[in-house]
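The next block holds one structure in the form of structure tokens; read it before the comments.
The values are calculated or read from the model by the stated rules, or taken from the named source; none is laboratory data. This one's a predicted model, so the numbers in the text were calculated from it and none came from an experiment. Every residue, glycine among them, receives a Cβ derived from its backbone with ideal geometry; neighbour counts consider all protein chains shown.
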Amino acid sequence: MSEHALRKQLEFYRDLGFEELFVRPSEAEQASGLEDSTADAAPGAEVPVQRAPAPAPPLDEPPAAAPPASEASSQHLSPLQVIQEDIGDCTRCRLHTGRKTIVFGSGNPNAKLVFIGEGPGADEDAQGLPFVGRAGQLLTRMIDGTCERIGLPIRRPDVYICNVVKCRPPENRAPELDEMEICGQFLFRQVKAIQPKAICVLGGTAAKALLRPGVGITKLRGNWTEWGGIRVMPTYHPSYLLRGYNPEGKRQAFEDLKEVFTYVYK
Ligand code: SF4
């Protein structure tokens, strides 16, 4: 990206109210990381794939005197509450036009494990909570069932669950890249605030937002990768598992979750 284009992009995010940016590795870096790390690696092996997302260069001419809104308001709020306050009644991307509620996230704010999905659906939009519809109920059964089968006293409220975008896309379409880029800034701040031991990415869209745009979930799933120094396990989105008869997909998702929970909690 040219210096001019980079400056324009940074100004765009500054105008949207972001004080700090996180950037993903480029597709070229991601592609070489994939070749380096996963070609011979067994699923679950420790495979450092990507460099940590680096903070973007500082914006020129930052506001001199005024402290960042997040600093000013953070005195009595938890880090997650500060982010939620910064989101406010967000209109930073087009998804705000069709939403009823902003679905920030739910679960243990100190969780060792964070699940990241794509975006809210109709039930989530209505209730303001992530993964409460059919797919959410399956996710709950997957979490609780996996932990029960491997003898862990962990249940859904012990983990943290959120999405890449906080507002429901119209007609449940996948979020557009620019929507994920903008709302993803809040996601990155959420993960940074929680500092989990691992992340479980649910489905191709969330994987695209965090990891490698060019690689499908069927290739990514079951292999550890890394984001910002945190291990990441991609697996299928529960809504994919609900589509028709899919015992193999369910078996693979169970294996992925077993791997994640064993790594995080055992
Ligand atoms: S999806 Fe995210 S960035 Fe877009 S309007 Fe909703 S909260 Fe704001």
Among the residues of segment 229-255, the number that are crowded, with 16+ Cβ neighbours inside 10 Å, of a type in the set (Lys, Arg) and out of contact with any strand residue (DSSP E or B) (no Cβ under 9 Å at 6 or more places or on another chain) is 1
Report yes if some residue within segment 129-141 is of a type in the set (Gly, Ala, Ser), at pLDDT 95 or above, within 9 Å of the ligand (Cβ to nearest atom) and crowded, with 21+ Cβ neighbours inside 10 Å; otherwise report no. no
Per the filter on segment 232-255, residues without any contact (Cβ under 8 Å) to a residue 12 or more places away in the chain and of a type in the set (A, V, I, L, M, F, W, C) are none
Residue pairs qualifying under the 8 Å Cβ cut-off, at least six apart or on distinct chains, with the first in segment 180-206 being closer than 26 Å to Phe254 by Cα and the second being part of a helix (DSSP H, G or I) and acidic (Asp, Glu), are Cys200/Asp256
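If you scan segment 88-98, which residues turn out to be within 7 Å of the ligand (Cβ to nearest atom) and surrounded by fewer than 18 Cβ atoms within 10 Å (Cβ to Cβ)?
Within segment 88-98, the subset within 7 Å of the ligand (Cβ to nearest atom) is 90-93, 95-96.
Matches in segment 88-98: Thr91, His96.
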Here the residues within segment 186-216 that are hydrophobic (A, V, I, L, M, F, W, C), assigned to a helix (DSSP H, G or I) and under 13 Å from Glu118 (Cα atoms) are Leu187, Ala206, Ala207, Ala209, Leu210
Over segment 164-174, the set of residues closer than 21 Å to Val232 by Cβ and either near the ligand (Cβ under 8 Å from one of its atoms) or without any contact (Cβ under 8 Å) to a residue 24 or more places away in the chain (or both) is Val165, Lys166
Cβ pairs under 9 Å, 6+ apart or interchain, first in segment 91-118 and more than 17 Å from Thr140 (Cα to Cα) and outside any helix (DSSP H, G or I), second more than 16 Å from the ligand (Cβ to nearest atom) and among the aromatic types (Phe, Trp, Tyr), ordered by first then second residue, are Pro109/Tyr160; Asn110/Tyr160
Exercise. Any chance segment 102-109 includes a residue that's within 14 Å of the ligand (Cβ to nearest atom), in contact with a Cys (Cβ under 7 Å, 6 or more places away or on another chain) and over 20 Å from Leu202 (Cβ atoms)?
Worked result: no
* State whether the residues of segment 235-257 include one that is of a type outside the set (A, V, I, L, M, F, W, C) and under 25 Å from Glu19 (Cα atoms). => no
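Here are Leu187, Leu202, Leu210, Leu177: which of them is within 16 Å of the ligand (Cβ to nearest atom), over 19 Å from Ile102 (Cβ atoms) and within 10 Å of the chain's Cα centre (by Cα)?
Working: Leu187 fails: over 19 Å from Ile102 (Cβ atoms); Leu202 fails: within 16 Å of the ligand (Cβ to nearest atom); Leu177 fails: within 10 Å of the chain's Cα centre (by Cα).
Every option except Leu210 fails the conditions.
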Q: Within segment 162-180, identify whether any single residue is buried (at least 23 other Cβ atoms within 10 Å of the Cβ), in a strand (DSSP E or B) and not charged (D, E, K, R), and answer yes or no.
A: yes
- Message: Condition first: closer than 28 Å to Glu11 by Cβ and either over 15 Å from the mean Cα position of the chain (by Cα) or buried (at least 16 other Cβ atoms within 10 Å of the Cβ) (or both). Can you find one or more residues in segment 256-265 that meet it?
- Response: no
Per the list (1) closer than 19 Å to Pro130 by Cβ; (2) touching a Ser or Thr at 6+ places or on another chain (Cβ under 9 Å); (3) not polar (S, T, N, Q), residue check on Ile194 breaks on (2)
